[in-house]
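Just below is one structure, and these are the notes that go with it.
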Amino acid sequence: MGEAIAFYTFAAMILGFGVLVITARNTVHSVLFLVANFLFVAALYVLLGAQFLAVIQVIVYAGGIVVLYLFVVMLVNLKRPPEAHRDRRRKTGLGLAFSLVILAEVVAIAVFGIVQPAQLAAPKAPLPPEAANNIEQVGWMLYTQYLVPFEVASMLLLVAMVGAIVLARREL
Amino acid sequence: MIDLIVLPLIKIVFVLTGVLITVMYLVLLERKVQAWVQARLGPMRVGPHGVLQPIADVVKLFVKEDVTPVRAEKWVFTLAPIIVLVPSLIAFAVIPFGPEVNLFGRPVPLYITDLNVGLLYIVSVAAIGVYGIILGGWSSNSKYPLLGSLRSSAQLISYELAVTLTFVSVILAAGSLSMVQIVEAQHANGVWFAFVQPVALFIYGVGALAETNRNPFDLPEAESELVAGFHTEYSGMRFALFFLAEYTNMIVVSAVATTLFFGGWLRPFPNVEWLSFLGLVPAWIWFTLKTFALLYVFLWIRATLPRYRYDQLMQLGWKWLIPLAIANIVVTAAVKVILGS
């Protein structure tokens, strides 16, 4: 019961802040609503018993990525009202079509989810007894079952980092 | 019911009151220590040797006029000091002041909670505090605060990396992220991690000075260049919140250093039998003493060292501390594997 109340409160908050992100007039306010949104997503993770993911969500998204957004928004002057941004090249119809496709997809997923609830995939190798808490379980899964995707992701980040440095300093 | 709601609430009230009173007297202590270093007396007028000075200061801050600049972004301007203060206060949720004690026939742990991701929780909470500083500077709609907040956030983000990397080597040494278990690991090993991880302690110390905007890294509020940095336009109680947050952060980083490197609540030499009379002093007093010793180091450094130049600060962070911290992790992991097999 308590869990359900908490879930629906957090879900309502996430949706509410999500709507505010795209409706806020001031871009800095949008970014702040995005932070609040991420914090409530972290709260959802806590509710699911995934404290590690929750903390990482706050550190990486709220603490890292959105700070960069804030910098960009602050340094690029966006004090003009949104109307002033009217751009000839903007393809309103195309954007609308894409959003409708994505909306249809989300609705389809929701309908299928209700008709046929997903089964939890069992881990291929059973977790060892010493993997008692959340962090150890995540670590165990990352370095056994998901080793290849994990390493590929780390390579991707490394390449992105090198690329950023090369772009920033062309004379290197 | 009692264990779930009443007891934690009582503990929260105790910790918050304790922290706020400590902050008040930390400011007095700072003024006194500065004065003694410079062969002055410091505050002497209010109460004997100025012991009532903090109360006078608080009253002054409360009754001061609260000015909001005309062109400021009112909503964000009000929110910024709150965003700075709240994270530094809730960081105390995972700091262990002592082990379980028996109080009125009931086992009471002397910490609010023991998360199994305790150390990461502190990192994540600290990451939120940056927003307040950026927004405070931006919403003032004034040049000096904006420059101060840009400097400050760049500094915080740079040094946060180095500090978080030192945590990794401590976690490797302790085998856990829970603050309580890190202290217990130091008990089991019979040695403070300050001696196991001296490099990590050094990097943490430098990073902690930078993260709390203290001398010699107090560039965000360098008076000679930026008036007062990101809080130039703030006055009255809102300025007091920034001030409170800065000193609370000092206490947080000192308490974390005590927990990670100086054995937390453990008495000195916890495994030496003939020193067991030291155990007569309650554990939380040892914790407080160690934390205050570290806070004193903060004040001492402020009275001793001049301010860094901004480019030197960035060079130190990115080119020295972060590589050193990564090397320290590699060495720690290698030693751990060799000793383990």
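The values are calculated or read from the model by the stated rules, or taken from the named source; none is laboratory data. Bear in mind the structure is a predicted one, so any value in this text is a computation, not a measurement. Neighbour counts run over all protein chains shown; Cβ positions are idealised from the backbone, glycine included. Each accessible area value is taken on the protein alone, full model and side chains, heavy atoms only, with ligands, DNA and RNA left out. Shrake-Rupley method; radii C 1.70, N 1.55, O 1.52, S 1.80 Å.
At an R0 of 41 angstrom, the distance between the Cβ atoms of B:Leu275 and B:Trp318 translates into a FRET efficiency of 0.40. Can you tell me the FRET efficiency between A:Ile5 and B:Phe14 if r is taken as the Cβ-Cβ distance and R0 is 35 Å, rounded to the nearest 0.05? Computed FRET efficiency for A:Ile5 and B:Phe14: 0.75. In the assembled protein chains, B:Ser88 presents an accessible area of approximately 10 Å² (probe radius 1.4 Å). Where in segment B:140-169 does the amide nitrogen come within less than 18 Å of the point 7 Å from the Cα of B:Val191, taken along Cα to Cβ? So the set is B:169. Annotation: peptides B:32-41, A:44-53, ranked by per-residue average of other Cβ atoms within 10 Å with the highest first, follow the order A:44-53, B:32-41.
Helical runs (DSSP H, four residues minimum) scored at -39500 (n - 2.57) apiece and divided by the length of chain B put the mean residue ellipticity at 222 nm at -21500 deg cm²/dmol. Note on chain B: with a GNM built from Cα contacts shorter than 10 Å, the maximum mean-square fluctuation among B:Arg307, B:Arg214, B:Arg238 falls on B:Arg307. Each of B:Ala327, B:Thr288, B:Leu278 was scored by the projection of its Cα onto the charge dipole of segment B:242-335, and the greatest displacement toward the positive side belongs to B:Ala327; charges sit on the C-beta of Lys, Arg, Asp and Glu.
Across peptide B:67-80, the average count of Cβ atoms from other chains found within 10 Å of a residue's Cβ is 1. For B:Lys11, the aspartates and glutamates whose Cα comes closer than 18 Å to its Cα, not counting residues fewer than 8 places off in the same chain, are B:Asp3, B:Glu100, B:Asp114.
Between A and B, buried accessible area from a 1.4 angstrom probe totals roughly 2100 Å², ignoring ligands, DNA and RNA.
Annotation: amide H of B:Val108 within the under-5 Å range of B:Val101, B:Asn102, B:Leu103, sequence separation 5 or more or interchain, hydrogens built in the peptide plane. How tilted is helix B:143-174 with respect to the longest principal axis of chain B? Cα atoms for both, answer in degrees (0 to 90, nearest 10). It works out to around 0 degrees.
Once all protein chains are placed together, B:Leu9 keeps about 100 Å² accessible to a 1.4 angstrom probe.
Residue ranges B:188-194, B:65-71 sort as B:188-194, B:65-71 when ordered by packing (mean number of other C-beta atoms within 10 Å per residue, highest first).
Please arrange A:Glu136, B:Glu246 by accessible surface area, largest first, computed with a 1.4 Å probe and ligands excluded. Please report the intermediate quantities before stating the final value.
Working: A:Glu136 80, B:Glu246 35 Å².
Per-residue accessible area, sorted high to low, gives A:Glu136, B:Glu246.
Of the residues B:Leu172, A:Leu157, the one with the largest accessible area comes first in the ranking A:Leu157, B:Leu172, computed with a 1.4 Å probe on protein heavy atoms.
Let's test the formula: R0 of 51 Å, r as the Cβ-Cβ distance of B:Val199 and A:Val152. What FRET efficiency results, to the nearest 0.05?
0.95
When all protein chains stay in place and ligands, DNA and RNA are ignored, the 1.4 Å accessible-area order of A:Thr23, B:Thr248, largest first, is A:Thr23, B:Thr248.
Among the listed pairs B:Lys32/B:Lys60; B:Lys143/B:Lys319; B:Lys32/B:Lys143, which have their C-alpha atoms separated by more than 23 angstrom in this model?
Too far apart for the 23 Å limit: B:Lys143/B:Lys319; B:Lys32/B:Lys143.
B:Met314 contributes an accessible area of around 40 Å² to the protein surface, as traced by a 1.4 Å probe with all chains present.
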